[in-house]
Amino acid sequence: MKRAIVIALSVILALVVAAPTVLAQGGNGGAPEDVNLTFTVPARNPNASHDDPAYLGCDFDLLYEVTGKSKTIELPDGGFIMTAPGLYVTVTNLDNDKALTLNVTGSTFASAPYGNGFVDYVITGRNLALDPAGLFLNKGRFTYTLQLDESGQVIKIVEPQEGKGQAIDVCALLS
């Protein structure tokens, strides 16, 4: 359950931030596997603290429909690499039914948890990432740090995303 954050925060982290899910297990060998995942991310809570995951996202509920191919490679130290050579996400504003289908074929690198459950993420290529400022299609290299509980759920945004490249405001496009 700790990998959808990658799509929302990468993926998503992106992620896939809202409901962490292992997108593709099946061991470290072999080709990327089919992904077919649908979930809803509630509107961000503007009254939440800026380091609270409830503060992430758009000002409206979003439906995510994730399809294509993805692979998660578990690293010996407890981190992982997620590749998404054929992944697409359709995000729909549930207030007005506007939708966008985005190619999110980037990679996500996550450190092993350290300290009090801190995990450093590096997303490269094309990724969809939730952030306190909204939801972004990132093209380039971006980093962020989250604090996770023992079950892999996000409990705190330690460092919001920053990096080099292009960050397209998906919330604005869906408004």
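What FRET efficiency, computed as 1/(1 + (r/R0)^6) with R0 = 25 Å and r the Cβ-Cβ distance, is obtained for Asp51 and Ile168, rounded to the nearest 0.05? Before the final figure, lay out each step's value.
Numbers: r = 24 Å, r/R0 = 0.97.
E(calc), rounded to 0.05, equals 0.55.
Ranking Arg44, Arg126, Arg141 by Cβ neighbours within 10 Å, fewest first, what do you get?
Numbers: Arg44 25, Arg126 22, Arg141 14.
By the 10 Å Cβ count, ascending, the order reads Arg141, Arg126, Arg44.
Close amide H contacts of Gly79 (hydrogens built in the peptide plane, cut-off under 5 Å, sequence separation of 5 or more or a different chain): Ala112.
A straight chain from Gln153 to Tyr114 at 0.36 nm per residue would run longer than the Cα-Cα distance by 12.6 nm. Sequence-ordered 3J(HN,Hα) estimates for region 77-84 from the Karplus curve with 6.51, -1.76 and 1.60 and θ = phi - 60° stand at 7, x, x, 7, 10, 10, 10, 9 Hz, glycine and proline given as x. For Phe118, nonlocal amide neighbours, meaning residues 5 or more places apart or on other chains whose placed amide H falls under 5 Å from its own, are Leu148.
Computed from the C-beta positions of Leu63 and Asn28, the FRET efficiency with R₀ = 45 Å rounds to 0.90. Pairs of Lys residues in region 33-174 that lie 8 or more places apart, or on two chains, and have C-alpha atoms under 24 angstrom apart add up to 5. Under 5 Å between amide hydrogens, built in the peptide plane, is the criterion, and for Gly86 it picks out Lys69 among residues at least 5 positions away or on other chains.
Remark: C-alpha extents of region 71-153 on the principal axes read 42, 26, 22 Å, sorted largest to smallest.
Every number in this text was worked out from the coordinates using simple rules, so none of it is lab data. Predicted model, so just to flag it, every value in this text is computed and none were measured. Neighbour counts run over all protein chains shown; Cβ positions are idealised from the backbone, glycine included.
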